[in-house]
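The values are calculated or read from the model by the stated rules, or taken from the named source; none is laboratory data. The shown structure was predicted, so the numbers you read here are calculated from the model rather than taken from an experiment. Heads up, the Cβs are rebuilt from the backbone with ideal geometry, glycines too, and the neighbour counts pull from every protein chain shown.
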Amino acid sequence: MSNLRVIGIDPGPQPGLVLLRFGISTPWWPVRDMKAVQCDAATAPDILHLLLAADAEDSRTIVGCESFVRSSRSSRLRHAGGASVTERMIKTFDATVAEWFDHEADGSKTRTTGNRWTTNNAARVKRWAVYERLDKAGLLEATVGMTHARDAAKHAMFVACEFGGAPDPLSRKANR
């Protein structure tokens, strides 16, 4: 296994999904390959399945999804029922990834291949994944006009660094 795939997900009524492919023997940033998608809630699980299926045999996979907490702010979402859509979508993604990785759908077990599913707090990820980092990583221009795909790219970059061994795009190590 010589490659790393990272999938970032921004769930919701108009979700974004981003696939980053890294060749371990090549420089981390900018990524070797990137796919960014912004779609409707009904299509997102199928797109996740397609992204998981691409190059699966030769790659370790990390999937990072924005977590969702019901609050007074979430109840004011523009889309009626948006909170329910988002919660259902995260459960569907969790089950899809669990089935794909062949582990229990509790977010804590990983296969020996190093595959991982994680949900991350949006505030933490967005504070870290500032535009300067996205630009340095080559992810800013690729998501122009797709705000939800850009948020998914932030989650992908975050988990690539947090769990995949990628250096911070602003670090000296990433800029050698």
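Filtered by the rule that a residue be closer than 18 Å to R116 by Cβ and surrounded by fewer than 18 Cβ atoms within 10 Å (Cβ to Cβ), the range 129-161 gives no residues.
Scanning the range 33-59 for residues that are touching a residue at least 60 places away in the same chain (Cβ under 8 Å) and under 15 Å from T118 (Cβ atoms) returns no hits.
Condition check: surrounded by fewer than 19 Cβ atoms within 10 Å (Cβ to Cβ) and modelled with pLDDT under 80. Does D55 satisfy that? Yes, satisfied.
Of the residues making up the range 111-167, those that are of a type in the set (F, W, Y) and within 25 Å of Q14 (Cβ to Cβ) are W117, W128, Y131, F158.
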